[in-house]
Number of protein chains: 2
Amino acid sequence: MTDDERLPQPPTADIDLVTVLHALGDPVRMRLLLSYADGAEHSCGPRDLGLDHLHKSTVSHHMRVLREAGVTSTRVAGRNRFVSLRRTDLDARFPGLLDALLASAPRPAAVAAAGA
Amino acid sequence: MTDDERLPQPPTADIDLVTVLHALGDPVRMRLLLSYADGAEHSCGPRDLGLDHLHKSTVSHHMRVLREAGVTSTRVAGRNRFVSLRRTDLDARFPGLLDALLASAPRPAAVAAAGA
């Protein structure tokens, strides 16, 4: 896989704590974080993400905020895009933060309702 | 001390993770968190907080966001107000989160510059 197959993202050393907190301080983006926490790659469709009550452009905006903050990575394969959590990078940059967030995060249903 | 001597704040059980992250996803408010991390009560003047490059009303806004999110508590004593971190409440609600944040937080100088 070449670098060209990923959308732009900050290098690990440039991931900024305040920017990450801003990215996650939104109910829809927290919902996305919980979806990605399984470590797998996810396709980008709102339906796949349990966000089909939101417009596609809205979901795209939220996914871009996460990627530009360094929370997620997006792999491009032809016309498909696959998103995954940058867990290793985040754990290296902010030890313990992701674990604490995921342990305390609200249930997906509650978050989805908040973002509706 | 009676409840009347504190400005309104959410009870511990109502402190919401996404709201806390939103509150801390701002360079000035992160700077305030670092100031309060010593556990002491702090007066509210911008100069006391190392934020004298900001207007008093701007600092008041940021302090209100932190208090309403449940991050800080404000005690009123006559014409003076004293702010402190709700560390016990936050630790109970989100175990490990505050420690991870404080361990990874940028240096105050860098944060202050970002908020200038």
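The values are calculated or read from the model by the stated rules, or taken from the named source; none is laboratory data. As the structure is a computational prediction, the values presented were derived from the model and not from experiment. Cβ atoms come from the backbone with ideal geometry, glycine included; neighbour counts cover every protein chain shown.
Looking at segment A:32-49, can you tell me whether even one residue there is within 21 Å of B:M30 (Cβ to Cβ) and within 14 Å of chain B (Cβ to nearest Cβ)? Checked segment A:32-49: at least one residue is within 21 Å of B:M30 (Cβ to Cβ) and within 14 Å of chain B (Cβ to nearest Cβ). Against the test of being at pLDDT 95 or above and out of contact with any Cys (no Cβ under 9 Å at 6 or more places or on another chain), the options A:A23, A:A77 yield a single qualifying residue, A:A23. Using beta carbons and a limit of 6 Å, which pairs, at least six apart or on different chains, have the first residue in segment A:92-116 and modelled with pLDDT of 95 or more and outside any loop (DSSP other than H, G, I, E, B) and the second one surrounded by fewer than 17 Cβ atoms within 10 Å (Cβ to Cβ) and among the small types (G, A, S)? Qualifying pairs under 6 Å: A:A100/B:G96; A:L102/A:A37. Scanning segment A:7-23 for residues that are within 26 Å of B:I15 (Cα to Cα), under 14 Å from the mean Cα position of the chain (by Cα) and not aliphatic (A, V, I, L, M) turns up A:T19, A:H22.
Selection within segment A:52-86: residues that are closer than 18 Å to B:L17 by Cβ and either of a type in the set (A, V, I, L, M) or more than 14 Å from chain B (Cβ to nearest Cβ) (or both). The member of this set that is surrounded by the fewest Cβ atoms within 10 Å (Cβ to Cβ) is A:V65.
On the stretch given as segment B:30-51, residues that are surrounded by 15 or more Cβ atoms within 10 Å (Cβ to Cβ) and touching a helix residue (DSSP H, G or I) at 6+ places or on another chain (Cβ under 7 Å) total 11.
Pairs only if they're at least six apart or on different chains, beta carbon under 9 angstrom, first in segment B:3-23 and within 14 Å of chain A (Cβ to nearest Cβ), second of a type in the set (D, E) and not in a loop (DSSP other than H, G, I, E, B); list them, first residue then second. Final answer for the pair search is B:T12/B:D89; B:I15/B:D89; B:T19/B:E68; B:A23/B:E68. Looking across A:D52, A:D38, A:D26, one residue alone is farther than 20 Å from B:L101 by Cα and under 12 Å from the mean Cα position of the chain (by Cα). It is A:D38.
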